[in-house]
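The block underneath contains the structure these notes are about, expressed in structure tokens.
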Amino acid sequence: MPRVRELEVFRLVLPFGGRQETLLVKLTDHGGMTGWGEAIAPEAKTWTNLEETLGARLIGVDWEHPDSAPSGDPAVDMACWDLWTRMRGVPLAHALGGSRTSLVATVRLTPDPSLESLVSRVNQQVCAGYGHVTLDIRPGWDVEPVRAVRAAYPALTLAVDGAGCYTTPEQLIALDSYGLEVIERPFAVSDPYLHATLQDQVSAAVAVEASTTAELDDYLTLRAGRVLLLRPAAFPNLSETRRAHDRAAAAGWDIQCTGGQGAGLARAATVAVASLPGCTLACDVTQPPRNNQIVDPIVGANAGVIAVPFTQPGLGHTIDEPRVHRLAKDRFHA
């Protein structure tokens, strides 16, 4: 039964990719075992809650399962899962119910001012072993790039991500002529009716992103898509993430796991979730820069395939603690 002896929190500003901020949580139990968690782009109140509230609630308290640990914070919840599974010598993926040992990866490409340059970038990824590509699109940069990539690679599995930038289904219907697998996040998350209208008019699966099971239930009820874009970092804890997976899978939806930012711990948790049986679509954890990661081995794809660390307990990665201390802009210990 874990009993946390120490809590350490590190505020990191990552050196590459826009200097994103992330929080790392390290828990140490009375036997010296450690567990790590991560919160990407945390809210301003997160640091205060960890320092003033959660430490006092967590330290010295016995708990049998991460769901019963007094955390209330996604990073602490991840660290509890990592600690709990390491103590039992089982991988996090197995503890969550996963069975896959490898995952197909998608690579995400941002808009390019030149169609020729975009096709060249796609070629680089195809030559690197990727069989699935996701194009970020926006109004005015959608049909033409998709047409160009499809003409160059007729057999490539292709998806697009609208990042909530579109306002009407009519703006996207023309894309359905190019054999897309998925249209991700076409509209604002708050409008499931637009998603349902688009899904009725296209053969590609519409992918929606939800951060609670209640929000997901609204999409399922309205049949506002056929794919759940599952981002573990957006949920309050890993058990809630698994419940969202279970509900989407029970409704017959496909699931794509995504979460390619941060220092590596959140990516590792995304890979563990992606090993669940309902996660049938390509996993998106390859967003650069990889040099921000403080885990070994680095979480990423090799020839378009992501390995699930089923031979190591917990998250399955070791932490480069000296680098964590070098990157830390602030820290506290309780």
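Residues that are aliphatic (A, V, I, L, M), within 20 Å of Glu43 (Cα to Cα) and assigned by TED's automatic domain parsing to the domain that holds Leu109: does the range 251-263 have at least one?
Within the range 251-263, the subset aliphatic (A, V, I, L, M) is 251, 255, 263.
Now drop any that are not within 20 Å of Glu43 (Cα to Cα), which leaves 263.
Applying the additional criterion that residues be assigned by TED's automatic domain parsing to the domain that holds Leu109 yields 263.
Within the range 251-263, one or more residues are aliphatic (A, V, I, L, M), within 20 Å of Glu43 (Cα to Cα) and assigned by TED's automatic domain parsing to the domain that holds Leu109.
Looking at the range 116-139, can you tell me whether even one residue there is more than 23 Å from the chain's Cα centre (by Cα) and at pLDDT below 95? Even if it seems obvious, please write down each step before you answer.
Within the range 116-139, the subset more than 23 Å from the chain's Cα centre (by Cα) is 116-121, 123-124, 127, 139.
Next cut, at pLDDT below 95 only: none.
No, there is no match, as no residue in the range 116-139 is more than 23 Å from the chain's Cα centre (by Cα) and at pLDDT below 95.
Output yes when any residue across the range 288-295 is of a type in the set (A, V, I, L, M, F, W, C) and outside any loop (DSSP other than H, G, I, E, B), and no when none is.
Pass one, the range 288-295, residues of a type in the set (A, V, I, L, M, F, W, C): 294-295.
Next, only the ones that are outside any loop (DSSP other than H, G, I, E, B) stay: 295.
Taking every residue of the range 288-295 in turn, at least one turns out to be of a type in the set (A, V, I, L, M, F, W, C) and outside any loop (DSSP other than H, G, I, E, B).
Could you give me the residue pairs with C-beta distances under 9 Å whose first residue belongs to the range 115-128 and is surrounded by fewer than 17 Cβ atoms within 10 Å (Cβ to Cβ) and part of a helix (DSSP H, G or I), whose second residue is β-branched (Val, Ile, Thr) and at pLDDT below 95 wherever it lies, and which are 6+ apart or on separate chains?
Pairs that qualify, where the first residue is surrounded by fewer than 17 Cβ atoms within 10 Å (Cβ to Cβ) and part of a helix (DSSP H, G or I) and the partner is β-branched (Val, Ile, Thr) and at pLDDT below 95: there are none.
Report whether or not Trp81 is crowded, with 17+ Cβ neighbours inside 10 Å, under 15 Å from Ala268 (Cα atoms) and among the aromatic types (Phe, Trp, Tyr). Give the derivation first.
Details: crowded, with 17+ Cβ neighbours inside 10 Å: yes; under 15 Å from Ala268 (Cα atoms): yes; among the aromatic types (Phe, Trp, Tyr): yes.
So Trp81 passes the test.
Right, Val90: surrounded by fewer than 23 Cβ atoms within 10 Å (Cβ to Cβ), over 18 Å from Gly259 (Cβ atoms) and touching a residue at least 24 places away in the same chain (Cβ under 8 Å) or not?
Numbers: surrounded by fewer than 23 Cβ atoms within 10 Å (Cβ to Cβ): yes; over 18 Å from Gly259 (Cβ atoms): yes; touching a residue at least 24 places away in the same chain (Cβ under 8 Å): yes.
When the stated conditions are applied, Val90 passes them.
Could you tell me whether Ala268 is touching a residue at least 40 places away in the same chain (Cβ under 8 Å), crowded, with 16+ Cβ neighbours inside 10 Å and not in a strand (DSSP E or B)?
On the way: touching a residue at least 40 places away in the same chain (Cβ under 8 Å): yes; crowded, with 16+ Cβ neighbours inside 10 Å: yes; not in a strand (DSSP E or B): yes.
It is true that Ala268 is touching a residue at least 40 places away in the same chain (Cβ under 8 Å), crowded, with 16+ Cβ neighbours inside 10 Å and not in a strand (DSSP E or B).
Would you check if there is a residue in the range 188-211 being of a type in the set (D, E, K, R), within 25 Å of Leu115 (Cα to Cα) and at pLDDT 95 or above? First the steps, then the outcome.
Filtering the range 188-211 down to residues of a type in the set (D, E, K, R) leaves 191, 200, 209.
Narrowing further to those that are within 25 Å of Leu115 (Cα to Cα): none.
Scanning the range 188-211, I find no residue that is of a type in the set (D, E, K, R), within 25 Å of Leu115 (Cα to Cα) and at pLDDT 95 or above, so the answer is no.
Of the numbered conditions (1) under 21 Å from Ala272 (Cβ atoms); (2) without any contact (Cβ under 8 Å) to a residue 12 or more places away in the chain, Glu209 fails exactly one; give the number of that condition.
(2)
May I ask you to verify whether Val299 is touching a strand residue (DSSP E or B) at 6+ places or on another chain (Cβ under 8 Å), in the same structural domain as Gly129 (by TED's automatic domain parsing), farther than 24 Å from Pro66 by Cα and buried (at least 21 other Cβ atoms within 10 Å of the Cβ)? Explain how you work it out, then say what you get.
On the way: touching a strand residue (DSSP E or B) at 6+ places or on another chain (Cβ under 8 Å): yes; in the same structural domain as Gly129 (by TED's automatic domain parsing): yes; farther than 24 Å from Pro66 by Cα: no; buried (at least 21 other Cβ atoms within 10 Å of the Cβ): yes.
No; evaluated as a whole, the condition is false for this residue.
Taking the range 61-70 as the search range and keeping residues that are assigned to a helix (DSSP H, G or I) and touching a residue at least 24 places away in the same chain (Cβ under 8 Å), which one is surrounded by the most Cβ atoms within 10 Å (Cβ to Cβ)? I'd like the intermediate steps shown before the answer.
Filtering the range 61-70 down to residues assigned to a helix (DSSP H, G or I) leaves 66-68.
Subsequent filtering for residues that are touching a residue at least 24 places away in the same chain (Cβ under 8 Å) retains 66-67.
Numbers: Pro66: 23, Asp67: 15.
For the range 61-70, the residue satisfying everything is Pro66.
Just checking, which of Ala148, Ala95, Ala152 is in contact with a helix residue (DSSP H, G or I) (Cβ under 8 Å, 6 or more places away or on another chain) and not assigned by TED's automatic domain parsing to the domain that holds Leu220?
On the way: Ala148 fails: not assigned by TED's automatic domain parsing to the domain that holds Leu220; Ala152 fails: not assigned by TED's automatic domain parsing to the domain that holds Leu220.
Selected residue: Ala95, the only one of Ala148, Ala95, Ala152 that is in contact with a helix residue (DSSP H, G or I) (Cβ under 8 Å, 6 or more places away or on another chain) and not assigned by TED's automatic domain parsing to the domain that holds Leu220.
Output the number of the condition that Leu238 fails; it satisfies all remaining conditions of (1) in contact with a Phe, Trp or Tyr (Cβ under 6 Å, 6 or more places away or on another chain); (2) among the hydrophobic types (A, V, I, L, M, F, W, C); (3) under 17 Å from Tyr166 (Cα atoms).
Failed condition: (3).
What number of residues within the range 1-40 are free of Cβ contacts under 8 Å to residues at least 60 places away in the same chain and part of a loop (DSSP other than H, G, I, E, B)?
Counting residues in the range 1-40 that are free of Cβ contacts under 8 Å to residues at least 60 places away in the same chain and part of a loop (DSSP other than H, G, I, E, B) gives 6.
Go through (1) of a type in the set (A, V, I, L, M); (2) farther than 25 Å from Asn302 by Cβ; (3) in a helix (DSSP H, G or I); (4) in contact with a strand residue (DSSP E or B) (Cβ under 6 Å, 6 or more places away or on another chain) one by one and return the number of the condition Ala148 breaks.
With (1) of a type in the set (A, V, I, L, M); (2) farther than 25 Å from Asn302 by Cβ; (3) in a helix (DSSP H, G or I); (4) in contact with a strand residue (DSSP E or B) (Cβ under 6 Å, 6 or more places away or on another chain) applied to Ala148, the lone miss is (4).
Give me the pairs: first residue in the range 219-231 and hydroxyl-bearing (Ser, Thr, Tyr), second residue part of a loop (DSSP other than H, G, I, E, B), beta-carbon distance under 8 Å, and six or more apart or on different chains, which are they?
Tyr219/Ala210; Tyr219/Gly225
Being of a type in the set (Gly, Ala, Ser) and surrounded by fewer than 17 Cβ atoms within 10 Å (Cβ to Cβ) is the filter; apply it to the range 1-60 and report the residue that is nearest to Arg267 (Cα to Cα).
Looking only at the range 1-60, we keep the residues that are of a type in the set (Gly, Ala, Ser), and these are 17-18, 31-32, 35, 37, 39, 41, 44, 55-56, 60.
Among the residues that remain, those that are also surrounded by fewer than 17 Cβ atoms within 10 Å (Cβ to Cβ) are: 17-18, 31-32, 41, 44, 56, 60.
Working: Gly17: 16, Gly18: 18, Gly31: 27, Gly32: 25, Ala41: 14, Ala44: 22, Ala56: 28, Gly60: 29 Å.
Checked the range 1-60; the qualifying residue nearest to Arg267 (Cα to Cα) is Ala41.
Of the residues that make up the range 306-315, is at least one surrounded by 17 or more Cβ atoms within 10 Å (Cβ to Cβ), on the phi > 0 side of the Ramachandran plot and not in a loop (DSSP other than H, G, I, E, B)?
Within the range 306-315 (the criterion being surrounded by 17 or more Cβ atoms within 10 Å (Cβ to Cβ), on the phi > 0 side of the Ramachandran plot and not in a loop (DSSP other than H, G, I, E, B)), the answer is yes, since at least one residue qualifies.
The values are calculated or read from the model by the stated rules, or taken from the named source; none is laboratory data. Just so we're clear, the structure is a prediction, and the values are computed from it rather than from any experiment. Here Cβ is always computed from backbone atoms with ideal geometry, including for glycine, and neighbour counts include all displayed protein chains.
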